[in-house]
Amino acid sequence: MSLPKMIWALLFRLFPCPTPVGLSRVGHPTSDSPVLVTCNFYLTVRRLRGILDDRGIDAWLLVADSKGVNVWCAAGGDELNTHSVVSVVKTTEVAQLVGHRTLILPPLAAPGVLAAEVRAQTGWATRWGPVRATDLPRYLDSGLKRSEDMKRVTYEWRERLDTALGALFPFYFLGAVGFLLFARDLILNYLLVAAIAYLLFFLSCPWLPGKRGLTKVAVLEAVLAGVFFGGLFFGFGSYSMGASLIIAMIMLLIYGTELGGLASTLPSDLDPFLARLGLSALGNVSFAGTVRTELLNGYRELCYDRGTCIGCRCCYEVCPVGVWLMIEEKRAVLARPDECTACRACLVQCPTGAIRAPLVHAPSSRDAK
């Protein structure tokens, strides 16, 4: 393992960290061993291999090109797509080494990878695996059957701290550089307060009111602002204390703004805001004019045509937060629309167009830039 690359992948997940595309062996796979598809983000591949190695599972690993980005972000930004998967199947010797024809796809790739089209272009059957790689051993032991908990994302405290660390550390690092250059006397305050704010917010996140990051962080901001202005009014506190409170408020605002981009269970505040400003893209991530940001901004509305639905269960199987339910008539029901995070997985996978996202009113000219 390359230690510098591992550190980069852990702490700077905002940036691509690619690993080679292609077919590789985990353990000593045979022609009957499962074929797992994943992205070419270095950390994802290392963790997946580690889970399989720890359990002594032999498998074939098909690493598809995602431009070095993790599955969820790459699928949402169309870096991990149908072509990526079809290409790695057709350009490797997996067909010669494997007797069966079943690909196990990561379900968080559903916004970008159309399973039906992969089947049509490769002749391989596709199965959605568990959302969490840690459930792969249980999934394989059960004969490729997913329990309900394997289908839905969670955002437990370990997941919150892990994803936030990789996405937010660059901001923490840049802040430290700024204090070193312009306010060296406060550098220790910054390092300590920003780290405490990070732990406080992400550990308490589920219990803070609201569904979005900025709403959740508003509670903590109000408390800190009260302490700050109370200190000014009543004359208690010090320069160091006041500076620490301001640091905490700024860092909490940064953490809260990006919260929706850190978890597939929450809608983003940052993406629709940037789209409203007319920012079309940032690196490989598109904002203005995408179906996702138009859904989040209210320009589009998720709609379901019961008469067109064939009861295939695709929407139910791929929705990471479980907003779809199946009823006795073998039809889907959009049971929890308020919990939709606009990931587009159901839109992409629906084979009949029963699920649509029509415009309910046109975006402004700035949003269309």
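The values are calculated or read from the model by the stated rules, or taken from the named source; none is laboratory data. These numbers come from a predicted model, not from an experiment. Ideal geometry is used to build each Cβ from the backbone, glycine not excepted, and the neighbour counts take in all protein chains shown. Each accessible area value is taken on the protein alone, full model and side chains, heavy atoms only, with ligands, DNA and RNA left out. Shrake-Rupley method; radii C 1.70, N 1.55, O 1.52, S 1.80 Å.
Per-residue answers, yes or no, for (1) among the acidic types (Asp, Glu); (2) touching a residue at least 40 places away in the same chain (Cβ under 8 Å):
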residue: Ala9; (1), (2): no, yes
residue: Leu14; (1), (2): no, yes
residue: Pro20; (1), (2): no, yes
residue: Arg25; (1), (2): no, no
residue: Phe41; (1), (2): no, no
residue: Arg47; (1), (2): no, yes
residue: Ile51; (1), (2): no, yes
residue: Arg55; (1), (2): no, yes
residue: Asp58; (1), (2): yes, no
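Among the residues of segment 61-68, are any over 19 Å from Pro170 (Cα atoms), in contact (Cβ under 8 Å) with a residue 24 or more places away in the chain and polar (S, T, N, Q)?
Yes, the conditions are met somewhere in segment 61-68.
For Phe173, state whether it is loosely packed, with under 13 Cβ neighbours inside 10 Å and in contact with a Leu (Cβ under 9 Å, 6 or more places away or on another chain).
Working: loosely packed, with under 13 Cβ neighbours inside 10 Å: yes; in contact with a Leu (Cβ under 9 Å, 6 or more places away or on another chain): yes.
Yes; evaluated as a whole, the condition is true for this residue.
State which residue pairs qualify: first residue over 30 Å from Asp149 (Cβ atoms) and open to solvent by less than 20 Å² (accessible area, probe 1.4 Å) and inside segment 259-281, second residue in a loop (DSSP other than H, G, I, E, B) and at pLDDT below 70 in any location, beta carbons under 7 Å apart, and separation of 6 or more residues or different chains.
Ala275/Phe287; Ala275/Ala288; Ala275/Asp367; Gly278/Ala288; Gly278/Arg366; Gly278/Asp367; Gly278/Lys369
Mind counting the residues in segment 326-362 that are open to solvent by 50 Å² or more (accessible area, probe 1.4 Å) and on the phi > 0 side of the Ramachandran plot?
Matching residues across segment 326-362 total 2.
Every residue in segment 95-141 that is open to solvent by 30 Å² or more (accessible area, probe 1.4 Å) and among the small types (Gly, Ala, Ser), please.
Ala95, Gly99, Ala116, Ala120, Gly123, Ala125, Ala133
Scan segment 140-195 for residues that are β-branched (Val, Ile, Thr) and at pLDDT 95 or above and jot them down. Outline the logic, then answer.
Just the residues of segment 140-195 that are β-branched (Val, Ile, Thr), to begin with: 153-154, 163, 177, 187, 193.
Correct list: Val177, Ile187, Val193.
Please verify whether Asp32 is part of a loop (DSSP other than H, G, I, E, B), open to solvent by 30 Å² or more (accessible area, probe 1.4 Å), within 23 Å of Leu140 (Cβ to Cβ) and of a type outside the set (S, T, N, Q), treating the condition exactly as stated.
On the way: part of a loop (DSSP other than H, G, I, E, B): yes; open to solvent by 30 Å² or more (accessible area, probe 1.4 Å): yes; within 23 Å of Leu140 (Cβ to Cβ): yes; of a type outside the set (S, T, N, Q): yes.
Here the answer is yes, as Asp32 does meet what is asked.
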